[in-house]
Amino acid sequence: MFDFNCDVAQSYGVYKNEGELEIAKYASSINISAGFHAGDAVAIREALLFAREHNIALGAHIGYSDIQGFGKRQINLNDEELEALITYQVGAIIAYAKTFDLEVEHVRCHGALKEYLNQSQEGLLVAIEAIKKINPWLNLIVQTPENKEFVEKNGLKAALEVDFNSNSSIREIRELPYKADTIHFKSLEDIKRAADIIKPSPLNYNRVQKQI
C-alpha cells in the first residue's frame with residue numbers, strides 16, 4: 001500500500017489555488033502550507049477543516065520565507081536560522097490543528113528548501129533535530145533512499161516519496177528497486193488514475209481524529 005499526498009493551502013490573499021482541494025479528495029494525506037512560501041490564515045483554516053471533514057492525515061508543508069518566489073529561490077541560512085525557520089512553521093501548523101482537535105502526522109519540505117535538504121546532510125541533520133524537539137513521533141518526508149536511512153539513523157521516522165506524473169504508473173512504482181512509502185500528486189487526472197487502481201493508506205493514521 002501507498003500513501004497519496006498533495007499540497008494544499010497554497011493560496012495567499014487574493015491569489016487562490018482553486019483546484020488543490022479537488023486533488024485532496026483522492027489523497028490520504030495533505031501537506032498544509034505553513035505561510036512562508038504560501039498559505040495564509042484563512043487558507044490554512046480551510047485545509048484543516050477539509051482534513052477533519054474527510055478524515056485525512058495532515059502534515060506541515062514548510063519552505064523558505066519567499067512568498068514572491070513561491071519558495072523556489074535558494075536562501076542561505078546558518079544552522080540557527082534554519083532551525084528557527086523549521087520550528088516556527090511546524091509549530092504553527094501543529095498549534096492551529098489542535099484548535100480543531102487534529103494531530104499533525106508529518107513534515108514535507110517545499111521547493112528550494114527541499115532541494116537543499118536533499119543535497120546537504122548537514123542541513124538535513126539540522127531539520128531532523130528541530131523536528132525531534134517539536135515531536136519525535138513525526139515523519140519527515142524525504143525523496144531518496146539514502147536520506148530515509150540517514151533520517152532514521154538519527155532518530156526520526158522517515159517516509160520515502162516518489163512523484164507521480166502523466167508518464168507514471170502504480171506498477172512502475174511497485175517495481176522500483178526500493179520501497180516507496182508515499183506518492184506525491186500535483187494533477188487531478190493523475191491522482192484519479194492512481195486511485196482507480198489502489199486505495200491509498202495514510203501515514204500514521206492511528207492518531208487522526210483521535211484514533212489512538
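Residues whose amide H falls under 5 Å from that of Phe36, counting only those 5 or more places apart or on a different chain, are Gly63, with hydrogens built in the peptide plane. Pairs over the 18 Å Cα-Cα cut-off, from the set Lys72/Lys114; Lys114/Lys148; Lys72/Lys186; Lys148/Lys186; Lys157/Lys186; Lys132/Lys153: Lys148/Lys186; Lys157/Lys186. Take every DSSP beta bridge whose two residues both sit in segment 62-212; close to 0 percent of them are antiparallel. Can you give me the % of accessible surface on the chain that is carbon or sulfur? Probe 1.4 Å, all protein chains present, nothing else counted. Of all accessible area on the chain, carbon and sulfur atoms account for 50 percent.
Across segment 115-154, Cα-Cα pairs more than 13 Å apart make up 44 percent of the total.
In segment 103-178, inverting the average of 1/r over every pair of distinct C-alpha atoms gives 13.2 Å as the Kirkwood radius. Stokes-Einstein diffusion for segment 34-75 at 10 °C, viscosity 1.306 mPa s, with a Kirkwood radius from C-alpha pairs, works out to 142 µm²/s. Using C-alpha pairs under 8 Å with a sequence gap of at least 6, the mean separation divided by the residue count of the chain gives a relative contact order of 24 percent. When all alpha-carbon pairs of the chain are counted, what percent fall beyond 26 Å? Above the 26 Å cut-off, the chain has 29 percent of its Cα pairs. Each part gets one Cα centre, and for segment 9-29 versus segment 108-123 those centres are 23 Å apart. Accessible area per residue for segment 1-159 is 43 Å², calculated with a 1.4 Å probe on protein heavy atoms, without ligands, DNA or RNA.
Tell me, what is a quarter of the convex hull surface for the C-alpha atoms of segment 48-115, in nm² with one decimal? In nm², the orientation-averaged hull projection of segment 48-115 is 4.9. With only Cα atoms counted, segment 1-116 has Rg and Dmax values of 13.4, 40 Å.
The values are calculated or read from the model by the stated rules, or taken from the named source; none is laboratory data. Bear in mind that the values here come from a model prediction, so they are computed numbers and not experimental data. Note: accessible area is taken over every heavy atom of the protein model, side chains too, but ligands, DNA and RNA are not part of it. Shrake-Rupley method; radii C 1.70, N 1.55, O 1.52, S 1.80 Å.
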